[in-house]
Amino acid sequence: MTPLPFIDREDAGRRLGLVLAKYRGQRPLVLAIPRGAVPMARVIADALEGDLDVVLVRKLRAPGNPELAIGAVDEQRQVHLAEGAAYVDVDDAYLAGEVAAQMRRLEEQRRRFGRGRPPRPVEGRVVIVVDDGLATGATMAAALRAVRAGRPRRLVCAVPVGSPAAVRQAAALADEVVCLATPSPFRAVGLYYLGFDQVTDEEVERALARRDPDEAVVQREVRIPADDVLLPAELDMPPDPRGLVIFAHGSGSSRHSTRNRAVAAVLQRRGIATLLLDLLTADEDADVASRFDIALLARRLRAAIDWARADRDTARLPLGLFGASTGAAAAVVA
């Protein structure tokens, strides 16, 4: 059992990230229930090298007790009532008004947090839904149902702390539940944290600013002069890059190599620009001997380095080389 309390949401996120480490390498989609879960979801997404987005559901508040959830509503206006809602004096008029109020808030959140973009598709992906704690579990249940409708490959519920009843409810809706602590009797979620300040919209926006690393990358198709030919290349620039890596492809490989592009994508997500280029023309590549001409490959690679040091976007960046097979030999010689 995880010792309580957590220091803050980031501490809880780090602890969850360790338990969820098996999903690293699968590029999971981490969906946070805003606002409280977003800071810890950012930590988890970074630890797992995954993507971050929000799943928008809103708690339906009990009359006279806004901290008590009687249910939740999602963006599709699907209402999910908590098991205990029958014991709360709620009439149809109150429920309709509360649903309308929370739908307005959902629309505001989508405009603000989504920045005009639709939610990330979940179909076929490992999706991890994160909240900072489960009391009644109504909001998480609504989120899991909404995500399940998108047909993820695997649906995981991840929370630092939850009531036993809420965790059981989540287990019936998710493929896996990761809950670090289930104290009983369960108290308010915030009591299990030393620091549990309210998360602001601005904090959510900052955490989501790196939400779409792939979409933020600016791609340029370029031609690099070398010898008497022009080498086709692809320059990918993330926002405020920290450096540039030039790929020296090995024999029989090219800038379209699945392996090379996967490595480049990881670098781009870490804020490093990449230049993928073919060191040989199509005619030269057809000649097997050219593929093993290290002097030729190194000369072409030096031309790419010279180009990068003169280009307006890359001249100021620290430069590194990535090579495999004969490309590694060319990188050493260059």
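Values in this text are rule-based calculations from the coordinates and carry no lab data. What you are looking at is a predicted structure, and each value in this text was computed from that prediction instead of being measured. Because the Cβ atoms are built from the backbone with ideal geometry, glycine has one as well, and the counts that use them run over all protein chains shown.
Within region 142-170, work out how many residues are over 24 Å from Gln26 (Cβ atoms) and surrounded by 24 or more Cβ atoms within 10 Å (Cβ to Cβ).
4
Which residues, counting only those in region 171-180, are without any contact (Cβ under 8 Å) to a residue 24 or more places away in the chain and either buried (at least 20 other Cβ atoms within 10 Å of the Cβ) or closer than 16 Å to Ala138 by Cα (or both)? It would help to see each step written out before you state the result.
Of the residues in region 171-180, the ones without any contact (Cβ under 8 Å) to a residue 24 or more places away in the chain are 171-172, 175-177.
Those that are without any contact (Cβ under 8 Å) to a residue 24 or more places away in the chain and either buried (at least 20 other Cβ atoms within 10 Å of the Cβ) or closer than 16 Å to Ala138 by Cα (or both): Ala171, Ala172, Val177.
Give the residue, chosen from Val19, Val57, that is surrounded by fewer than 16 Cβ atoms within 10 Å (Cβ to Cβ) and touching a strand residue (DSSP E or B) at 6+ places or on another chain (Cβ under 9 Å).
Working: Val57 fails: surrounded by fewer than 16 Cβ atoms within 10 Å (Cβ to Cβ).
Matching residue, one of Val19, Val57: Val19.
Filter region 181-196 down to residues that are of a type in the set (Gly, Ala, Ser) and within 18 Å of Arg14 (Cβ to Cβ) and give me whichever is surrounded by the most Cβ atoms within 10 Å (Cβ to Cβ). Give the derivation first.
Taking region 181-196 first, the residues of a type in the set (Gly, Ala, Ser) are 181, 184, 188, 190, 195.
Subsequent filtering for residues that are within 18 Å of Arg14 (Cβ to Cβ) retains 181, 195.
Details: Ala181: 20, Gly195: 12.
Here the answer is Ala181.
Scan region 166-197 for residues that are under 26 Å from the mean Cα position of the chain (by Cα), within 20 Å of Ala82 (Cβ to Cβ) and of a type in the set (Val, Ile, Thr) and jot them down.
Once the filter is applied, which keeps residues that are under 26 Å from the mean Cα position of the chain (by Cα), within 20 Å of Ala82 (Cβ to Cβ) and of a type in the set (Val, Ile, Thr), region 166-197 yields Val167, Val177, Val189.
Only residues that are β-branched (Val, Ile, Thr) and touching a Gly at 6+ places or on another chain (Cβ under 9 Å): list them for region 33-83, please. Lay out the reasoning, then the answer.
Just the residues of region 33-83 that are β-branched (Val, Ile, Thr), to begin with: 33, 38, 43-44, 54-55, 57, 70, 73, 79.
Once the filter is applied, which keeps residues that are β-branched (Val, Ile, Thr) and touching a Gly at 6+ places or on another chain (Cβ under 9 Å), region 33-83 yields Val43, Ile44, Val54, Ile70, Val79.
Out of the strands (runs of 3 or more DSSP E) lying entirely within region 18-83, which hold 2 or more residues that are within 25 Å of the chain's Cα centre (by Cα) and not aliphatic (A, V, I, L, M)? It would help to see each step written out before you state the result.
Values: elements: 29-32, 51-54, 57-62, 65-74, 79-81.
So the answer is 51-54, 57-62.
Check Arg255 against each of (1) among the charged types (D, E, K, R); (2) surrounded by 15 or more Cβ atoms within 10 Å (Cβ to Cβ); (3) under 23 Å from Gly50 (Cβ atoms) and name the one condition it does not meet.
(3)
Are there helices (runs of 4 or more DSSP H) fully within region 271-312 with at least 2 residues that are of a type in the set (Gly, Ala, Ser) and loosely packed, with under 14 Cβ neighbours inside 10 Å? List them. Working first, answer last.
Values: elements: 282-286, 288-291, 294-310.
Result: 282-286, 294-310.
May I ask you to say which residue of Asp201, Asp227 is of a type in the set (Asp, Glu) and either free of Cβ contacts under 8 Å to residues at least 40 places away in the same chain or over 20 Å from Gly13 (Cα atoms) (or both)?
Asp227
Please count how many residues of region 47-82 are within 19 Å of Gln169 (Cα to Cα) and without any contact (Cβ under 8 Å) to a residue 40 or more places away in the chain.
Residues in region 47-82 being within 19 Å of Gln169 (Cα to Cα) and without any contact (Cβ under 8 Å) to a residue 40 or more places away in the chain: 1 in total.
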